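Only one structure is covered here, and it is reproduced in the block below.
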Number of protein chains: 2
Amino acid sequence: MVEAALELFRQRGYHATAMSDVIERSGAPRGSTYYYFPGGKRELAREAVALAGDEIEQMMAAAETTPPGDPASVVRRLAEMVAGRLEDSSFQGGCAIATMVLELAPSDEDLSIDFERVFARWRAALVNLLEPSGIAPERAVILADLVMSGFEGAMLLSRAARNSGPLRTTTDALARVIENETPFHDSEEAAPFSGSVGARRSPSLG
Amino acid sequence: MVEAALELFRQRGYHATAMSDVIERSGAPRGSTYYYFPGGKRELAREAVALAGDEIEQMMAAAETTPPGDPASVVRRLAEMVAGRLEDSSFQGGCAIATMVLELAPSDEDLSIDFERVFARWRAALVNLLEPSGIAPERAVILADLVMSGFEGAMLLSRAARNSGPLRTTTDALARVIENETPFHDSEEAAPFSGSVGARRSPSLG
């Protein structure tokens, strides 16, 4: 039920999704729905938003490199996953909560807190990714916000464009920003622990 | 009418806005509405999206510096305008079309074309801003997409956070990316035509 709801909220948003659509998509019997979600669509939305937070953490973990410490490569892998999802869904599927955020925040206070919690989890995962590569903690928070904003906006532009071009160019630019701030990074390809500490890649030499 | 519709679409999106809300907000007599917009809400939405394109071009022009050629400062001014609008509206007002894009693209083909036209106009205005400062044309297109994505995503994060922090940190990071690629830029403050051609600001010296 919650997965079905999340997918519909992702594709059409909150207002255009009826409980009957969720029931139909999930195959759940109608009676159980009101038993498990007496608060109806809004209660289901709050569960779906929490699930979206789990999903983002799982995607971040799946994009992690071995050995860790190459955040630009992780951003590139994440971009590939998101681009694949957009293309496979004919540009219906982007961020699970973005449509709901723009429809409901800040007027729905509980859901706004839930949205902010999802972004806080994503921000923490990005900071955990950036810090071990030698980026200062306060700078890692700024870069995390830049990465989240860039992904969110680029998914929106790609939906409007009906192609993943804006997503790919934007996320490539984000990866390059991170590369230029990662002390251990010295080539286009992932080369963590290569020993060339401090060899910043200059755009004019790239 | 179109202005009232655009404001409501901006704040709540397409689905949660009824024609009666638009009529009430605009003060227009109900009869004239169906005379001027026989296609109803969807026709009004298409007019509103075109108006959003005009509005973005006007904001870009208002943010332009004198003399021109300092794109990072323009991005900072644009960020101030957007932050002011978000704060003044208690975080109800962000991008005029973002909510509609996520609700309706790509399933509504005509509106998707309209959305893409708005982003194309914004992209062109940004490229016109970036190119005179010495950024190569193909790089200017990439940076334009990065700026648009960054603004769109940061407005979304700021709505969820109910403060303009994410918008301010993200747009500051965007301005710094542009500064680092602008040959004529050599200080934190706007200093176009200062004669120090090629003095790139290094993050380690900033």
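The values are calculated or read from the model by the stated rules, or taken from the named source; none is laboratory data. Source: prediction; values computed, not measured. Here the Cβ is made from the backbone with ideal geometry for all residues, glycine too, and neighbour counts use every protein chain on show. Side chains are part of the model used for accessible areas, which takes the heavy atoms of the whole protein and leaves out ligands, DNA and RNA. Shrake-Rupley method; radii C 1.70, N 1.55, O 1.52, S 1.80 Å.
Tell me the mean residue ellipticity at 222 nm calculated for chain A from its helices only (DSSP H runs of n ≥ 4, each -39500 (n - 2.57), averaged over every residue, nearest 500). It would help to have the intermediate numbers written out before the result.
Values: 9 runs with 139 residues, N = 206.
-22000 deg cm²/dmol, from helical runs alone.
Suppose all protein chains stay in the model; what accessible area per residue would a 1.4 Å probe give for region A:91-189, in Å²? Write out the running numbers ahead of the final one.
Working: 2910 Å² over 99 residues.
It amounts to 29 Å² per residue over region A:91-189.
For residue B:28, the point set 7 Å out from Cα toward Cβ sits 4.2 nm from its twins in the other copies, listed from shortest up. Among the complete DSSP H segments of chain B, which ones combine at least 18 Å of alpha-carbon extent along their axis with a mean Kyte-Doolittle hydropathy of -0.5 or more? Once both thresholds are applied, what remains is B:40-63, B:71-88, B:109-130, B:137-161, B:165-181. Neighbouring Cβ atoms from other chains, within 10 Å of the Cβ of residues in A:136-144, number 1 on average. Using alpha carbon centroids, what distance separates region B:1-28 and region B:56-116, in Å? When both Cα centres are located, 19 Å separates them.
Ignoring ligands, DNA and RNA, what percent of the 1.4 Å accessible area of region A:70-110 is carbon and sulfur? Spell out each step's value before the answer.
On the way: 550 of 1310 Å².
That fraction is 42 percent.
Largest GNM mean-square fluctuation across B:97, B:135, B:113, computed for chain B with C-alpha springs under 10 Å, falls on B:113. Of the residues B:168, B:139, B:76, which exhibits the maximal mean-square fluctuation in a Gaussian network model of chain B defined by a 10 Å Cα contact cut-off? The residue that fluctuates most here is B:139. Averaged over its residues, region A:1-74 has an accessible area of 47 Å² per residue, based on protein heavy atoms and a 1.4 Å probe. Indicate the gyration tensor shape class of region B:1-110 (rounded, prolate or oblate), computed on the Cα atoms with a ≥ b ≥ c the square roots of the eigenvalues: a/c under 1.5 is rounded; otherwise a/b larger than b/c is prolate and the rest oblate. Because a/c hits 1.5 or more and a/b exceeds b/c, region B:1-110 counts as prolate. Quick note on chain B: its Rg to Rh ratio, both from C-alpha atoms and Rh being the Kirkwood radius, is 1.04.
Sort the protein assembly as shown into rounded, prolate or oblate with this rule: let a ≥ b ≥ c be the square roots of the eigenvalues of the Cα gyration tensor; rounded if a/c is under 1.5, and if a/c is not under 1.5, prolate when a/b is larger than b/c, oblate otherwise. Write down the numbers at each step before the final one.
Numbers: a/c = 2.17, a/b = 1.29, b/c = 1.68.
Verdict is oblate for the protein assembly as shown.
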